[in-house]
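Structure first, then comments.
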Amino acid sequence: MVITCAGGSPHYLSGCELLKHYADTGTGTISTAAVMRAANDAGSGIITIEEQNYVLSCWNVGGDINTMCPGCYITCTGGSATYGTGCELLKHYAGSDGIISVSEANQAISDRNAGHLTNYEVDYIVNECFTPYGGDINSTCPGCYVPPPPILTTITVSPTPINIPSNGSQLFTASPIDQYGNPISATITWTISDPAAGSINSSTGLFSASSVGTDTIITVTATSESISGTATATVLRVPPILTTITVSPTPINIPSNGSQLFTASPIDQYGNPISAIITWNNSNPVAGSINSSTGLFSASSVSTDTSTTVTANSGSTNGSATVTVLRALPTLTTIVITPTTASIQIGATQQLDATCIDQYSASFVCPTLIWSSTSPSVAIVNSSGLVTGIIVGSAGITASNGTITSDVSLIIVEAAPAEAGGIGMIALAGLGIVALMSMKKS
């Protein structure tokens, strides 16, 4: 078997691997001692005579295994065919974090397949760095990767999201983070997206909410130079409270002895209906009374139009309606007959006059009155109140309208004696007729 740098070694993957096995640690050089170890291993059957001779051939050309197999032995300070040193090779694939990831190791293999790297370089990346050290190039080449100084890359704002009541406050905090995920000092300036929702102290991050009518979402931003972080906050509207009570109907006229149901409409500060316990009262008891729970107003009987205020109360909030209780229309309450007493002679007449008075003691136009006599055989009265005496005696004369009545008492006396040639009287009392006849003496 012919051994080459890239292959052909019975016990090793390649001649390169064989040489690296016997080379002095850290030098990539086959020394005399290395040749002796190879000879001993050959004598013990650990390697073949061909492998022993391959090691000897390297020693014969000075022992530098890279002379025998160019690029076979890569170190941090040299030996990479493409990048000059192992450090440069590793830094190329490690990127900015000094760590060769799985994807970066796979990229190196792809580059080897495309002819951009040697097998030895891929071996250095995968077997010397990625496999034993998890890709940390400083573990393979100490000090090879010097990270850049920390700079601010992220600002985290807390708390987020958060609800803040109207007129409440919230202290926001900013956590500046560098590119390595570590805290870093930074000067923070605070702003908010909607000044109508409140204000924020630009230095401390203390947010003071306004009183808002609707739930308002804002963005709180912490900024340092060109880096910023945000939090989302919702300023909650003030809970609805009773601010107004509207009473209806108003204004209103209510007749004496009438009634009216009043209604109350409680309204919150946003103009929306709200539930409330209502208590009713009335400012003028002379005008009437009101049910404190239902709002039913019952008017009194008043002699003059009387004003009052009906009020709906709930806590310290109230609303009112203006009410006028109208006096009752004048009605007949009293009939006064004049004269109140009288004596009339048989056959004579007496006119009685009636005066009507209303409930306010004022004169009232008399309606049609019904005149009657308690003793029609003694005296009669016509529809106009004219009384005629019939026979001697007494009679009551009454004027009435419905249930309203008034009466007077009259006395009927004998007529004065008639002179010669005077007048005689025949009374047809049963017919209510009086016939007067003139009788002359013969």
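Simple spin-label estimate for ALA33 and VAL2 gives 3.5 nm between the two label positions (7 Å along the Cα-to-Cβ direction from each Cα). Taking the DSSP beta bridges with both ends in the range 247-341, the antiparallel portion is around 85 percent. Per-residue extension of 0.36 nm, minus the Cα-Cα distance of VAL365 and ASN382, leaves a gain of 4.1 nm for this segment. Quick one: grab the alpha carbon gyration tensor of the range 196-329, order the square roots of its eigenvalues as a ≥ b ≥ c, and give me rounded if a/c is under 1.5, else prolate or oblate depending on whether a/b is larger than b/c. Because a/c hits 1.5 or more and a/b exceeds b/c, the range 196-329 counts as prolate.
Give, in whole angstrom and from largest to smallest, the semi-axes √(5λ) of the equivalent ellipsoid of the range 15-140, with λ running over the eigenvalues of the Cα gyration tensor. Each step should come with its number before you reach the end.
Working: eigenvalues 180, 36, 34 Å².
Value: 30, 13, 13 Å, ordered largest first.
In the chain, helices alone account for a calculated mean residue ellipticity at 222 nm of -4000 deg cm²/dmol, with every DSSP H run of four or more residues adding -39,500 (n - 2.57). For the chain, the Kirkwood radius over C-alpha pairs fed into Stokes-Einstein at 10 °C and 1.306 mPa s yields D = 44 µm² per second.
Can you give the charge dipole size of the chain about its Cα centre, rounded to the nearest 20 debye, using +1 on the beta carbon of Lys and Arg and -1 on the beta carbon of Asp and Glu?
Values: 8 positive and 25 negative charges, 580 e Å.
Dipole of the chain, to the nearest 20 debye: 2780 debye.
Annotation for the range 322-376 versus the range 181-219: alpha-carbon center distance of 89 Å. Unpaired Cys in the chain, meaning no second Cys C-beta under 4.7 Å: CYS58, CYS129. The stretch between SER300 and THR219 holds 22.8 nm of extra length on full extension. This uses 0.36 nm per residue minus the Cα-Cα distance.
Here the Karplus relation 6.51 cos²θ - 1.76 cosθ + 1.60, evaluated at θ = phi - 60°, turns the backbone of the range 345-351 into coupling constants of 7, 4, x, 8, 10, 9, 7 Hz, with x for every Gly and Pro. For the range 1-18 versus the range 128-145, the inter-centroid distance based on Cα atoms is 26 Å. Summary of the geometry: the range 148-168 and the range 222-295, compared by the centres of their Cα atoms, lie 41 Å apart. Free of any GluC sites (Glu not before Pro) that DSSP assigns to a loop and that have at most 14 other C-beta atoms within 10 Å, the longest stretch within the chain is 1-224. When trypsin sites (Lys or Arg not before Pro) are flagged only if DSSP places them in a loop and at most 14 other Cβ atoms lie within 10 Å, the longest unflagged stretch of the chain comes out as 1-439.
The numbers here are math on the coordinates, done by the rules we state, and not lab data. Worth saying up front: this structure is predicted, and the values here are computed from it rather than measured. All Cβ positions, glycine included, derive from the backbone under ideal geometry; neighbour counts span all protein chains shown.
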